[in-house]
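The values are calculated or read from the model by the stated rules, or taken from the named source; none is laboratory data. This is a predicted model, so every value here is computed, not measured. Backbone-built Cβ (ideal geometry, glycine too); neighbour counts: all protein chains shown. Each accessible area value is taken on the protein alone, full model and side chains, heavy atoms only, with ligands, DNA and RNA left out. Shrake-Rupley method; radii C 1.70, N 1.55, O 1.52, S 1.80 Å.
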Amino acid sequence: MKKVYMLLLALCAFALLLPVQPASAASSAGKILFVPHDGRPVSDQQTADVVRKLGYDVIVPPQELLGGRTAPGDPAKLWNWVEENSKGVQAAVLSSDSLVYGSLVASRKHAYTKSQVLERAARFARLRQENPELRLYVYGSIMRTPASGENAGSEEPDYYRTYGSDIFQYTALLDQQDSQGLSAAEKRQLDELQRRIPAAVLQDWMGRRERNFAVNQALMDLVRNGTLNYLILGKDDNAPLSQTHKESRHLARYGADLGAERFQVMTGIDEMGLLLLTRAVNAQEKALPFVYVQYNEGTGAATVPSYSDEAIGRSIHDAIAAAGSLEVRHPETADFVLLVNTNPKGETMEANMDENQLSHQKARQAATRRFADLVSAAVEAGQPAGIADIAFANGADNALLRELQNRGLLFKLQAYSGWNTATNSTGFALGTGILASRMTEDARDQLLLQRYLDDWAYQANVRTTLMDQFENMRQDIYSALGSKHAAAAARATDLLRKFAMENLPPFDGLDDLQADFPWDRGFEIDVQLGQ
């Protein structure tokens, strides 16, 4: 253990001696191949754009090859694209979900056989053989276990709408049985749930999970034999007791010999493309950035957010390691300071709830001001600081953003993120913040503006207004827009322009920004500035 510790100290000391390359120098570093797990803007172009701001040429597949909400991608064509574009590339960050199943959503609904998916996973070995110097960073998912059919949306098989809650409870008991044991009453509940869920449904759902588990073991074997440089398996939407949690425990045990420098099982999924791109850049530039993490008062690092099975402090620690960085105990030694806005009581509510309206946040005003004081202190001390805004899921904390606006701090940050799940936000803020010191000020401002338009303007405000207006017309557009797509996009564009005019500085293009819904639903948006 002492030898490992001394080696780590030596590596840290060496990293401190290395100059940080400015964006103009980084452009000579060349190309990175990136296959996201679907074509959503935040998974695809927004992730790639963070690294492009450093001057790297990040090559992504054409949209038609990537999966969407209802149309899966094409694994065979994606593999051909990877093999055709891998020459002369220093690193590749690849989604195994895309290359094995077609996309993240396709991994939950496909009908491929076990031999088919294992054959696709084996193509990573051929890619390595044909490109022996290429650094391969791969991320994939451990299939999620939504708490209900409502939580699953349209991204699970149709039967999950009917049996999702029963399946979730059934697998929670299986997880408990595997790890802790069941009481007599719990065994009876397990038997009742198994009788209630049709056998064909369980066979389909569990069979697909078994194939996913086999693929993930095969990928771990590719790490073991040196084919892959680094692998992350992400625990998508899950809970402390769930099938996802159970499988992750067994996979972690299977990969115990690999070590965190080559393999991790982590909570989350959508942020992992950026974490591995950050790792690829750090490896290319021989940098080991130091990261200091500070939490809001109250539960802080011990908070277990919704859609997660572990404390956020553990998730952030793992994300820092995945990004090729090192967590430190003092902000003075850090290259990036991540300030984490957790709810003091440890709860995670949804951004579209009444509790996120300023008129309902009086109980949290003091805590919000004290967290803003932490941000002010970091900025005034000249520390490169960013915010992971996770007091609410799926959108920004309105009270915090208003406080930062009043203090003139919105564009004095290195990074900000408050979208989707807690780990999505923390991971995206980490990746952006770690790289931001190597960007120009204008590049950082553009990335911040993108997040404020998406996470604050749309997700925490415009989305709720938009949904309410269409519901008054007896139209539910949250899950599917259909014939209302054009009308919803036009209305969202108007509302976002108004929000930007009232709350953001006069950046070029804000007056005539355009909004659209890339997955034909109201959940996520694509905001493009006018030219």
Boolean, Leu182 is open to solvent by less than 40 Å² (accessible area, probe 1.4 Å) and more than 33 Å from the chain's Cα centre (by Cα) = yes
Cβ pairs under 7 Å, 6+ apart or interchain, first in segment 333-357 and on the phi > 0 side of the Ramachandran plot, second open to solvent by less than 20 Å² (accessible area, probe 1.4 Å), ordered by first then second residue, are Gly346/Thr303
Tell me which residues, restricted to segment 400-414, are in a loop (DSSP other than H, G, I, E, B) and either without any contact (Cβ under 8 Å) to a residue 24 or more places away in the chain or over 13 Å from Gly386 (Cα atoms) (or both).
-> Arg407, Gly408
Candidates Ser148, Ser165, filtered to the one that is surrounded by fewer than 19 Cβ atoms within 10 Å (Cβ to Cβ), modelled with pLDDT of 95 or more and hydroxyl-bearing (Ser, Thr, Tyr) | Ser165
With the first residue restricted to segment 209-236 and required to be within 19 Å of Ala321 (Cα to Cα) and in contact (Cβ under 8 Å) with a residue 40 or more places away in the chain, and the second required to be part of a helix (DSSP H, G or I) and acidic (Asp, Glu), Cβ contacts under 6 Å at 6 or more apart or on different chains are none
Report whether or not Val82 is at pLDDT 95 or above, over 24 Å from Met439 (Cβ atoms) and assigned to a helix (DSSP H, G or I).
-> yes
Please find, within segment 442-486, the residue that is modelled with the highest pLDDT out of those that are open to solvent by 40 Å² or more (accessible area, probe 1.4 Å), under 16 Å from Glu524 (Cα atoms) and of a type in the set (A, V, I, L, M).
-> Ala486
With the condition kept exactly as written, say whether any residue in segment 93-111 is open to solvent by 60 Å² or more (accessible area, probe 1.4 Å) and assigned to a helix (DSSP H, G or I).
-> yes
Options Asp520, Asp511: the member that is of a type outside the set (A, V, I, L, M), more than 23 Å from Asn398 (Cβ to Cβ), in contact (Cβ under 8 Å) with a residue 24 or more places away in the chain and surrounded by fewer than 20 Cβ atoms within 10 Å (Cβ to Cβ) | Asp520
Limited to segment 232-275, what total is found for residues that are open to solvent by less than 10 Å² (accessible area, probe 1.4 Å) and over 28 Å from Gly153 (Cα atoms)?
-> 2
Residues satisfying the stated conditions in segment 47-72, i.e. open to solvent by 10 Å² or more (accessible area, probe 1.4 Å) and over 22 Å from Ala280 (Cβ atoms) = Gln63, Glu64, Gly68, Arg69, Thr70, Ala71, Pro72
Number of positions in segment 304-329 that are more than 15 Å from the chain's Cα centre (by Cα), in a loop (DSSP other than H, G, I, E, B) and of a type in the set (Gly, Ala, Ser) | 3
Is it the case that Asp526 is open to solvent by 20 Å² or more (accessible area, probe 1.4 Å), in contact with a helix residue (DSSP H, G or I) (Cβ under 8 Å, 6 or more places away or on another chain) and closer than 26 Å to Ala152 by Cβ?
-> no
Could you check Asp373 against (1) under 28 Å from Ser43 (Cβ atoms); (2) open to solvent by 10 Å² or more (accessible area, probe 1.4 Å); (3) at pLDDT 95 or above and say which number it fails?
-> (1)
Over segment 495-508, the set of residues open to solvent by less than 80 Å² (accessible area, probe 1.4 Å) and out of contact with any strand residue (DSSP E or B) (no Cβ under 7 Å at 6 or more places or on another chain) is Leu495, Arg497, Phe499, Ala500, Asn503, Leu504, Pro505, Phe507
Please specify each residue of segment 427-471 satisfying the condition of being assigned to a loop (DSSP other than H, G, I, E, B) and among the charged types (D, E, K, R).
-> Arg438
